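Comments concern the structure below.
The values are calculated or read from the model by the stated rules, or taken from the named source; none is laboratory data. All figures in this text were calculated on a predicted structure; none of them were measured in a lab. Heads up, the Cβs are rebuilt from the backbone with ideal geometry, glycines too, and the neighbour counts pull from every protein chain shown.
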Amino acid sequence: MSLQRDAQRRTPGRRFAAALLLGASLFGGQAMAEQVTMVVSGLGGNDDYQRQFDRYAAAIAEQSRKLSANPADTVLLPGSAATRENILGTIDDIMARKPESFALYLIGHGSHDGEHYKYNIPGPDITGAQINEALSTDFEQRQFVVVATSASGALLELLSAENRVLVTATKNGRERNAVFFPQFLSEALGDIGADTDKNEIISAEEMFQYAERAVAAYYETEKLLASEHPRMEGSFAADFATAHYGTLLNQAGEIAPDLLEKRTQISANINSLRARKDDLSEEKYFDELQTLMLELGAVQREIDQRSSQ
Amino acid sequence: MRIRQPLRHATILVCALYWFSTAGVTVEYDPNRDDALLACDAIYNSGKIDASIDCYQPLMRQGSLHVAAEAAWALGETRNANELFRRAVADQPGNPHIRARWGRLFLSTHQPSQAVPLFEEALQLDPEYAHARIGLAAALLNGGGSEARQVLAQIAIDHPDSVEALLLLARLQLETSSLDSANQLLDQALHYAEEQQLPPLDIYALKATSEMLANSGDERWENEALAINPGYGDVYYIPAHYHLINYRYREAVEVLEKAVAVQPTHWSAHSQLGINLLRLNDIEGAKEHLAIAYEGDPYDTATVNTLRLLDTLEEFEDIDTEAVFSLPGADAPIQTPIVMRLHRDEADYLAPYVEDLTRRAVETFTRRYRFELKEPLIVELFPNHDDFAVRTVSTPGVGLLGVTFGYLLAMDSPSARAVGEFHWGSTLWHELAHVFTIEVSDHLMPRWFTEGLSVYEEWHTGPLRGRHLPLDVLEAIRDKKLLPVAELDNGFVRPSYPNQVTVSYMQAGLICDMISKKWSHEKLVDMLELFRDRVDTGTAVRQILGIEPEQLDAELQAYIDENYGTILNRFEEWRDTIASARDAIKFKQYQRAIEYANTANEIFPQYVAQSSAWLTLHEAHTGLGQQEEAVAALDTWYERGGHDPEMLHQLAHRLRDLGRRDRATQVLESINWVSPNNIDLHERLGKDYMASGNYAAALREFRALLGLQPHDKSVAHLNIAKAHQKLDDTKSARRSVLQALEHAPFFREAQDLLLELTTGDAS
């Protein structure tokens, strides 16, 4: 006899805790909107690190390009091109375009002297204050900023902003060893396993959770004292797209509007039902969920069929 | 009780901790006591508490420093007393009496390690000072050492009229249920107490203990004590200790309830009552008495620790299940309720295994011990070892693995220790065997017998194959350190050398094993039932086996010679061969390593622990590229009980490579009993079981996987749904697939399964 059938928990309160991300709006909405991504690989200090940083940055840029039909929406500044002038100038250019959203990835080494953070690049380094200044210029759209460097946790307070999701590789400026976080970050964007809600979009939150777990697992497996603890701050990470795959990738911009609308509506209904979960009996909740999920499945199959014609 | 080898003294601590440290609180045996204090003592001992307070209080202000210290102590102001003693010693540094009394204060406040130096200083001033010598012996007894007993025996020779020494010796006799010897000592103590005009209250309490242990029903001594002092709670509190060391928690609670009834201000009794109600799963009752104890004595660490534990228990879930099975000839199936009390963070992944093993154990032991459990069985697993330690002995930092209090058992959960540090399945099996052996004998079996049966059941019916004797136990056997069976309890209660508790566990297990083989398992059960009649080991051996205990000792020796003669005779050679094999591996001399390993395995093939020759053999064959032979060596190691999780993973992987999937699954399954908190393990096992058609096992594995909070829960829910579907449980399958979709609404595979489950459309 199985546990579920004959074992009965007497302590209530065990609830479905994970946030449910129904990608209604992002799937048919802002994922298709203009999102500009800028990826920088900083100074490696030696050939090994340089190769690694360039590789991670290239992988992130490659995934980012799939988010948009316009190649100009992704900018990669690798190695020697990543000078302070180029970085700040490119940020200015992007800000001037006023895209609906802006994602910035800084890969490499960082340092913190107890007071100031510096991103290590060829020529003069960029300080945290300079990054903040460049990002804060009259820009109210959503920003997703990833500083995947050592000591990047020093920026948590400085770079926090209402319209910004900020990811750092460390929890503070004292974690100064070279970090593994960017490796797992780039892996997350190329691994559909990161897409836990299976909506064919890897959100910023899913990307972060994947990389965070991978970092922890790495130190655990290697029996090392963890010297990096990634952090994420900001409110919209769950619906900020960082990568697409599957049908959505193939069909970007070509899905029939009526189907998109239908799917968006069903997703909204599922969200609404989820919000009422505690007010419904378990049986009723799952009955209603089943109805909606069958509807969603039917629409999804229609989309798939059309895409294969 | 199950202990880890390196921390074997813990059991002793359980027995002695709160007994000797509280000795002498009510009755003072101070030979140089000030007359003013004696006058107050007399009032107190007559039960006139308020009057005694009025008597002591002025002495705190008017007497000399050491008298003031005594008065403060008598009034329960131990911190004040400590400070006063400090000043008194500074004032009279050459006075051994004051140092000895200061030591007694530490002894009474559960700090024997602080007391010892003070007694030693007093003895430097006066080597023959009996009060300090007895205090030192009492303090050393807390450590369980044999040294203390020798010191006491010498004191009794030097001071045959010392009532206090006689009482300590009587207590030692009572601990091993040697009632005749204890009574003789107590009668002498009574004689000298009368001669010296000392109050006989403690003697009466120990007399009452003796009657209780004999189950005579004679309450004469309680009545005598209460006639002198109606508020003398120790007349019940002291016997409670002896019930506790004999696992009689219900009886202990009964007498502790009497203790607090006659003396509501007996905080230690309230504390012990609370702790033991908790052992009987009366959580509310425990809270009530612990709260009273804390109110009266907020410095009692046992009280404070247990109250903290009660807060921790709020984080646990009670999961109800039952063992259901039929016995031949029975009209109806037996249904034994089981409550699994698990921490909420690990309940989901542990519960299936705890449930599985507990059900199997209940059925197995019900059959083997001809006994049906009468109450629900409660199984507690603690992920924090110190919580478990407080649960068992009210103090953190002890090395126990599991403890059984009758129908309630508590143990470390697998996550309480480093991966692979202990085989938690065996520990649970060991404790579950205790539940039966304790209850069959009505808590009256000798310690060695219940431990022996648990070890024996571990070897024969538990989840780990083979008999595993630690090397230091083999060395002890070789060095003729085993005790006669009639005295084997001493090896647990009062060990005389460092690893004697472990040695005694194994000796007890070997005795039970030998009885089972030479006579029958049924004889073991007969003995267990006979212990209900309060017989001693010798009587049980004579009546059930028909031989004298000494003959049983001889049989054990023959049995050991037969089974372990080779390794015992060639121990050094074996150890050297193991070392040579390892050296050969180090220098990549694999053929030579194989030769050494084979020789070592000829001598002692059962050895599967660290540096096992089977592992060396595996490594050597791997080095030579002989994969089949390497796997065979590792498989033999596993077959004989090897359970290092890393090596088991390696074996499973290699077996899979060789196409031996069923064996690989079996090996992986065994890892659950040593290291179950591994996501990859459950995912692999779940898939294997699905592939082999064992859907129930697959379901268990996928549930465990989900309980470990995997990154992608939707996949785990989907796999659970598929297992339900295969088990024709469409309703559960539908629920699980909806849970998968709840996490991941666009999950195509889950959408398809939902459609299939609701419409039968598998397209």
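Assorted remarks:
- Comparison of A:A169, A:A194, A:A134, A:A161 shows that the only residue that is more than 30 Å from A:S267 (Cβ to Cβ), at pLDDT below 95 and assigned by TED's automatic domain parsing to the domain that holds A:M232 is A:A134.
- Filtering the range B:699-723 to residues that are within 19 Å of A:M293 (Cβ to Cβ), within 40 Å of the chain's Cα centre (by Cα), at the interface with chain A (Cβ under 10 Å from one of its Cβ atoms) and crowded, with 24+ Cβ neighbours inside 10 Å leaves only B:I720.
- Among the residues listed as B:D282, B:D297, B:D311, the single one being acidic (D, E), under 21 Å from the mean Cα position of the chain (by Cα) and more than 14 Å from chain A (Cβ to nearest Cβ): B:D282
- Taken over the range A:173-206, the residue count meeting the criterion of being polar (S, T, N, Q), within 15 Å of A:Q63 (Cα to Cα) and within 14 Å of another protein chain (Cβ to nearest Cβ) is 1.
- Considering residues of the range A:175-188 that are surrounded by fewer than 24 Cβ atoms within 10 Å (Cβ to Cβ) and either touching a helix residue (DSSP H, G or I) at 6+ places or on another chain (Cβ under 8 Å) or outside the structural domain of A:L106 (by TED's automatic domain parsing) (or both) only, the residue nearest to A:V40 (Cα to Cα): A:Q183
- When every residue of the range B:215-232 is checked against the conditions, none turns out to be under 26 Å from the mean Cα position of the chain (by Cα) and either in the same structural domain as B:V493 (by TED's automatic domain parsing) or part of a helix (DSSP H, G or I) (or both).
- Some residue of the range B:317-340 being closer than 16 Å to B:A410 by Cβ, away from chain A (no Cβ under 12 Å) and either in contact (Cβ under 8 Å) with a residue 40 or more places away in the chain or basic (K, R) (or both): no
- Criterion (at pLDDT 95 or above and in a loop (DSSP other than H, G, I, E, B)) met by exactly one of B:L342, B:L373: B:L373
- Sole exception among (1) touching a helix residue (DSSP H, G or I) at 6+ places or on another chain (Cβ under 7 Å); (2) assigned to a helix (DSSP H, G or I); (3) within 14 Å of chain A (Cβ to nearest Cβ) for B:Y353, by number: (1)
- Test: residue in the range B:724-741 that is of a type in the set (V, I, T), surrounded by fewer than 24 Cβ atoms within 10 Å (Cβ to Cβ) and either more than 14 Å from chain A (Cβ to nearest Cβ) or more than 27 Å from A:A214 (Cβ to Cβ) (or both): yes
- Restricting the range B:75-133 to residues that are among the basic types (K, R) and touching a residue at least 40 places away in the same chain (Cβ under 8 Å), the residue that is farthest from B:S64 (Cα to Cα): B:R104
- Restricting the range B:565-617 to residues that are hydrophobic (A, V, I, L, M, F, W, C) and outside any helix (DSSP H, G or I) leaves a set whose member that is nearest to B:R465 (Cα to Cα) is B:V608.
- Check on B:D688, within 30 Å of B:F422 (Cβ to Cβ), within 12 Å of chain A (Cβ to nearest Cβ) and either at pLDDT 95 or above or not in a loop (DSSP other than H, G, I, E, B) (or both): no
- Take the conditions (1) at pLDDT below 80; (2) aliphatic (A, V, I, L, M); (3) surrounded by fewer than 16 Cβ atoms within 10 Å (Cβ to Cβ); B:I49 misses just one of them, which is (1).
- Taking the conditions (1) on the phi > 0 side of the Ramachandran plot; (2) within 13 Å of chain A (Cβ to nearest Cβ) in turn, B:G693 satisfies each one other than (2).
- So B:F436, is it of a type outside the set (V, I, T) and at pLDDT 95 or above: yes
- All conditions but one from (1) surrounded by fewer than 24 Cβ atoms within 10 Å (Cβ to Cβ); (2) within 25 Å of B:F371 (Cα to Cα); (3) among the aliphatic types (A, V, I, L, M) apply to B:L428; the one that does not is (1).
- Any hit, the range B:213-227, residues being without any contact (Cβ under 8 Å) to a residue 40 or more places away in the chain and under 27 Å from B:H434 (Cα atoms): yes
- Scanning the range A:132-160 for residues that are within 17 Å of A:I91 (Cα to Cα) and touching a Leu at 6+ places or on another chain (Cβ under 8 Å) yields A:N132, A:A134, A:L135, A:Q143, A:F144, A:V145, A:V146, A:V147, A:L159.
- In the set B:D386, B:D345, only one residue is under 29 Å from B:A416 (Cβ atoms) and free of Cβ contacts under 8 Å to residues at least 12 places away in the same chain; that residue is B:D386.
- B:T265 meets all of the listed conditions (1) in a loop (DSSP other than H, G, I, E, B); (2) among the β-branched types (V, I, T); (3) in contact with a Phe, Trp or Tyr (Cβ under 6 Å, 6 or more places away or on another chain) but one, namely (3).
- Residue match in the range B:292-315 (condition: farther than 30 Å from B:W267 by Cβ and touching a Phe, Trp or Tyr at 6+ places or on another chain (Cβ under 9 Å)): no
- Residue in the range B:564-579 that is out of contact with any Leu (no Cβ under 6 Å at 6 or more places or on another chain), among the aliphatic types (A, V, I, L, M), free of Cβ contacts under 8 Å to residues at least 60 places away in the same chain and farther than 30 Å from B:T537 by Cα present: yes
- Just one of the listed residues (B:D712, B:D662, B:D635) is of a type outside the set (G, A, S), at pLDDT below 95 and over 30 Å from A:G297 (Cα atoms), and it is B:D662.
- Residues located in the range B:584-614, provided they are touching a Gly at 6+ places or on another chain (Cβ under 9 Å), under 18 Å from B:Y564 (Cβ atoms) and among the small types (G, A, S): B:A609, B:S612
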